[in-house]
Each structure stands twice: as structure tokens, then as C-alpha cells.
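Single-structure report; data block below.
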Amino acid sequence: MISPACRARWPRAFVHSLCLLAPVTARAQTAAPQMEVAVQALYEQATSDMDAKRYESACPRLEEVIRLAPDALGAKLTLGACYEGWGKLASAWSQYQLIEAEANKVGDLDRELKASHKAAALRPKLATLAIEVPASVRSTPGLTITRDGLPIREAQWSVPLPLDAGRHEIVVSGKAHNPWKQQIDAADGVRVAVQVPPLEAVASDGPRSERPWQRPAGVVAMGLGAAGLATGAVLGALAIARNQESNDGHCSAQDRCDAAGLELRRQAVGLGNGSTVALVAGGLLAMGGAALFVTAPSQAQRDERAMSSGVPWRAEVALHPAGVSIRGAW
């Protein structure tokens, strides 16, 4: 029966189709006139497209109608029929189940029964997909599974979930692992199960991540440290020699010195200070170089990484009278 409100608001030509959108309860949605006009126009165009079997344009229009008028159970039933005609049986089944629950909530028995019968008739025809996730995969850090971009959470794993017929893409990813992808073609009434394989860990960047420079750098640091220690020893010996020379006729036992003795003592102090600095710096460099050398990856490890990555590396250390040099490529 058409409500008086519908008769009062709309011309006779619009009354029947507009009132299909309104719930039969006393809590019918009241919207601004401009919104009602937009809803009515969208609904009429959608039903016209459905009559012409242009479901790809009719269904999105009905979805917009429902977005604008969320209480319109009649439009929701029409959308279910649109999905069904379009061949999207899982979407239609889901829509009918939604209508059944909403109609029961507002006491619309007629629409509740109609939606229930349609959902029950579609259930055996649905395609389903179960994504099996073994325990070895579940332990992957940051594991994420999506189907057509929608997350499939742990509670949905191994459960046959209805889906529309057609092609679907499953993507599985995890932290520090390469993503795994698979496309499936679902057909109405066919049950599909996909088992996710263990994900491959992301390959290392090759020798760079193994610090190929560390061992040569350790050798260089130890060489510089040895040079510093040697320099400190030489300076120390010169300081002792200058001090002894000052005591040889230039300074008395009471440290009274002539001009030459004072100069020799000054040189001895300077050489002694230089010796101390060189010995300390050389010792630190030698210890740091030894630490770098000891903690560097072994030659076998670097060669194995180089072979697996296909990127060769080499480093050479050369000792010269003037110092130490390192060169190489990696």
C-alpha cells in the first residue's frame, strides 16, 4: 500500500517507484527534497539499465542510491537482483543476507522472507576459496595476506569464503621476505583451496653487507699503529740520548747547566713528549686495527657471498717506506 506521505510529495508517475525505496516502518527516512530527487533519478536510471541488462552501470547506481538512502530496503533488494543478473552471485548472496537481517530488525516480514529464500537458493551455486596457511608460514614476521587488495585475516584462513566468479589475485607478504602472488579463476559452484608456500627471505645486497673493507682497514690501522709505536720508540731513544749528552760535561749533579746543557735538556723534553704521543696513538691504532681484523668476516664467507651475488671484490694492502696504502674494488 502506498503511504499518504508518498502521495503528497510526488506526482503520480513517480509514486510507485519512489515508494519502493522507502521502508514500510513508521521510521522512514526523511531527506531534503534535493536528495530525494537525486535518489529517485538514480533509482529509475538503474532499473532502466537492468531492464536493458546493462548491469555494469545499473549496480553502481544502486550502490549510490543505498549510500544516499541507507534505510531503503527496496533498493537493497533491487541491488541484490542486479548483482545476480550480473553474475556476481557471492555479492548477491551477501546482499540478500544483509537485507534478511535488516528486515528482521525492523519487522518487515515480507522482505525478510524474500531475501532469505533468494539467499538460500544462491548458496549452493557459490564459488568458494579457502586459503590454507601452514604453521611454517604463520611464523613469518609481519605476515599479511590479501585477496584482490582486501585483507584476509587469521580468523578467515582455511575457511571456504564465497566469492564472485572470475579472476582473483592472492598476495602474501612478510617482513624481509619476497611477496608471493597467485591468480585463480573461480567458477560458480566450484570450491578452490590454495596453500601458501614458505616465503623466500630477501636476498642480501652482496659483499657490501659483509663489510669487505673491514679486514684491509684493520691491516692498515695495525700498520699505522706499528709505525706510531716505532716512531715513539725512536723519539724515546733520542730523548734519552740528549739527556745523557747534557749530563756529559754540560750539567752538574745538582742540575746546573750551561747554555749547551740547557738546550740539550730542552730537546730531550720535547723528544720525550713526542715519544709519549706517538706511543699512545700507535697503541690505540694497533688495538683498533686488531679489533677490526679479528671481527671481520672470514675470507670463505666473503667468497661465498661474492659467488652467490655474482659481484667480485678485491682489496690489496701495500707497505711503503713512506706509509701504508690500501686499494681495491667492491
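Residues that are modelled with pLDDT of 95 or more and within 37 Å of the chain's Cα centre (by Cα): does region 73-81 have at least one?
yes
Can you work out which of the residues in region 158-182 that are touching a residue at least 24 places away in the same chain (Cβ under 8 Å) and closer than 10 Å to residue 146 by Cβ is surrounded by the most Cβ atoms within 10 Å (Cβ to Cβ)?
If we take residues in region 158-182 being touching a residue at least 24 places away in the same chain (Cβ under 8 Å) and closer than 10 Å to residue 146 by Cβ, then 172 is surrounded by the most Cβ atoms within 10 Å (Cβ to Cβ).
Please give the number of the condition residue 70 fails out of (1) loosely packed, with under 15 Cβ neighbours inside 10 Å; (2) in contact (Cβ under 8 Å) with a residue 24 or more places away in the chain; (3) in a helix (DSSP H, G or I); (4) not assigned by TED's automatic domain parsing to the domain that holds residue 179.
Every condition holds for residue 70 apart from (3).
Restricting attention to region 272-316, which residues are at pLDDT below 85 and either touching a strand residue (DSSP E or B) at 6+ places or on another chain (Cβ under 7 Å) or within 26 Å of residue 244 (Cβ to Cβ) (or both)?
282, 313, 314, 315, 316
Considering only region 43-62, I want to know if a residue exists there that is surrounded by fewer than 18 Cβ atoms within 10 Å (Cβ to Cβ), in contact (Cβ under 8 Å) with a residue 60 or more places away in the chain, under 27 Å from residue 190 (Cα atoms) and not basic (Lys, Arg).
Scanning region 43-62 turns up no residue that is surrounded by fewer than 18 Cβ atoms within 10 Å (Cβ to Cβ), in contact (Cβ under 8 Å) with a residue 60 or more places away in the chain, under 27 Å from residue 190 (Cα atoms) and not basic (Lys, Arg).
Scanning for something in a loop (DSSP other than H, G, I, E, B), of a type in the set (Ser, Thr, Tyr) and at negative phi, does region 152-165 turn up at least one residue? Break it down into steps so the answer makes sense when it comes.
Our first condition is that a residue be in a loop (DSSP other than H, G, I, E, B); within region 152-165, this holds for 152-153, 157-160, 164-165.
Next cut, of a type in the set (Ser, Thr, Tyr) only: 158.
From the residues that got through so far, the ones that are at negative phi too are none.
So far as region 152-165 goes, no, none of its residues is in a loop (DSSP other than H, G, I, E, B), of a type in the set (Ser, Thr, Tyr) and at negative phi.
What is the number of the single condition among (1) closer than 22 Å to residue 77 by Cβ; (2) surrounded by 18 or more Cβ atoms within 10 Å (Cβ to Cβ) that residue 145 does not meet?
That leaves (1) as the condition not met.
Looking at region 167-179, is at least one residue more than 30 Å from residue 95 (Cβ to Cβ) and among the charged types (D, E, K, R)? Reasoning before the result, please.
At the first step, the residues of region 167-179 found to be more than 30 Å from residue 95 (Cβ to Cβ) are 173-179.
In the following step, the residues that additionally are among the charged types (D, E, K, R) were identified as 175.
Within region 167-179 (the criterion being more than 30 Å from residue 95 (Cβ to Cβ) and among the charged types (D, E, K, R)), the answer is yes, since at least one residue qualifies.
Show the residue pairs meeting these rules: Cβ distance below 7 Å; 6+ apart or different chains; first residue within region 281-306 and within 12 Å of residue 214 (Cβ to Cβ); second residue of a type in the set (Asp, Glu) and at pLDDT below 75.
So the pair list comes out as 297/210; 301/210; 302/210.
Could you please give the count of residues in region 76-92 that are among the small types (Gly, Ala, Ser) and surrounded by 24 or more Cβ atoms within 10 Å (Cβ to Cβ)? I'd like the intermediate steps shown before the answer.
Narrowing region 76-92 to residues among the small types (Gly, Ala, Ser): 80-81, 85, 87, 90-92.
Narrowing the set further to residues that are surrounded by 24 or more Cβ atoms within 10 Å (Cβ to Cβ) leaves 80, 92.
Qualifying residue count for the region: 2.
The values are calculated or read from the model by the stated rules, or taken from the named source; none is laboratory data. Just so you know, these numbers come straight off a predicted model, no measurement behind them. Heads up, the Cβs are rebuilt from the backbone with ideal geometry, glycines too, and the neighbour counts pull from every protein chain shown.
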